[in-house]
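Worksheet: the structure to be examined is printed underneath.
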Amino acid sequence: MTALSLACTVLGGTLAAIVLRSHRALARALESPAPVAPPRPSWASLTIVRPIKGLDVGAVWNLEALYTADYPGELEILLVLDDARDAAFPLAREMVALHRERGIRTELFLAGAPPPGRTGKLHAMMVGLSHARGDFVAFNDSDTRPPRDLWRHLVDALLQHPGAGSAFAPVVAVSDRQMSAGDVGYALLLNGWYGPAALMAEKGTGALPFIMGQAMVFTRDALEAIGGLACADGHLVDDLWLGRCVARAGLLNLQIRTPLPVIVGGMRLFEFAATFRRWLLFSEGGLPAAFLRPQWWRGATYAAALATAAVSLLGGTALGTMAPLFALAAFVWSEVELHRLRGGGPVPLRHLWVAAVLPLTGMVVSLSTLFARHVDWRGRRYSLGRDAVLAGPRHRPLRA
């Protein structure tokens with residue numbers, strides 16, 4: 001064995017050990033079961049605000065899941081759209097009328113265009129909050145399908161912890177259909193990277209200095225303490241920044257264990273790349289370095305294994321390539337296995353290559369955010385400064 005072959009073997013074996021050790025830590029973070037909400041003599045009233053922009057995948061069933069919530073207290077559901085021209089408006093109007101007849105307190109509001117310096121989603125949330133009557137106020141993304149008991153668990157977390165200002169649910173990407181390559185990339189990123197990392201970042205406390213807010217509930221006291229949703233004005237990512245404001249007010253952001261399905265289907269590769277890029281820009285708006293650093297190290301491990309394999313091949317030492325290739329295979333297996341443990345569906349064999357190129361995609365997309373400081377999101381284009389703060393012409397509609 002040549003010196004180069006030996007060096008590549010040792011380095012490749014070390015990297016494989018790092019990958020497997022990281023996998024064990026992330027897998028353990030996924031093991032905590034969801035608690036059972038205890039019976040209570042009474043439950044506080046809850047308002048759920050769902051901003052809607054366009055028709056999401058499975059929009060009908062996403063709304064139906066919202067309306068079939070098993071919440072023991074008084075429940076109010078508010079849907080908020082930009083205007084009646086939105087493709088989702090007929091469905092939203094029909095759902096409100098149908099469930100109002102069934103005795104659910106529900107309303108549909110048209111928010112209009114947001115003012116400069118505010119995202120369309122945050123504007124819709126603020127309109128919904130202005131009409132909310134519940135003791136607790138929740139905000140829920142329209143591409144999710146909440147389990148029946150989700151809201152019970154979220155409110156229960158706040159009732160059990162007097163020092164908590166918000167509670168939110170971890171998300172899991174699932175699909176009602178056979179997954180496309182873009183769906184696989186999205187699911188691996190959410191289920192194999194972000195989700196486990198967020199659970200591990202709790203360090204057993206259940207609290208985080210930020211919110212991943214596809215479904216988040218606030219106490220009225222917390223909203224008052226942070227100055228309302230307006231504290232997120234000027235920021236692209238409302239949930240991360242709101243979570244930071246809650247933490248600064250001396251209150252806790254609690255992450256419960258009940259997962260919230262995010263519905264994907266038919267996503268093309270360029271759409272996934274755009275989503276990946278948007279998430280990286282989002283991460284500037286409130287994710288602390290302590291959360292991001294382990295993920296960057298995880299990606300760096302993959303890059304080092306790939307570079308070691310390339311050096312070994314170029315040096316003509318096929319034997320020295322085996323260990324770094326094993327490290328790369330272990331990395332791909334870890335991504336897919338964490339996705340499975342998180343509750344994601346099976347990854348089609350023909351799309352396993354997506355797991356192999358995902359870290360490289362992240363590097364390329366990350367570089368693009370340094371030069372192109374804009375993001376297209378929900379029919380609008382936003383220009384960004386540092387920390388995902390809106391800059392320049394704050395927003396403008398995209399051309400059809």
**Request:** Let me know the shape class of the stretch 261-400, please: from the alpha-carbon gyration tensor, a ≥ b ≥ c as square roots of the eigenvalues, rounded when a/c is under 1.5, otherwise prolate if a/b is greater than b/c, or oblate.
**Result:** prolate
**Request:** Round to a whole angstrom and tell me the spacing of the C-alpha centers of the stretch 29-79 and the stretch 226-296.
**Result:** 20 Å
**Item:** Tensor-based shape of the stretch 38-283 (alpha-carbon gyration tensor, a/c under 1.5 rounded, otherwise prolate or oblate)
**Value:** rounded
**Antiparallel DSSP beta bridges within the chain, as percent of all bridges there, nearest 5** = 45 percent
**Fill in**
A correct fewest-to-most ranking of F282, F136 by other Cβ atoms within 10 Å would be F282, F136
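Computed from the coordinates by the stated procedures, all read-outs in this text should not be read as laboratory data. Values in this document were obtained by computation on a predicted structure and should not be read as measured data. Quick reminder, even Gly has a Cβ in these numbers, built from the backbone with ideal geometry, and neighbours come from all protein chains shown.
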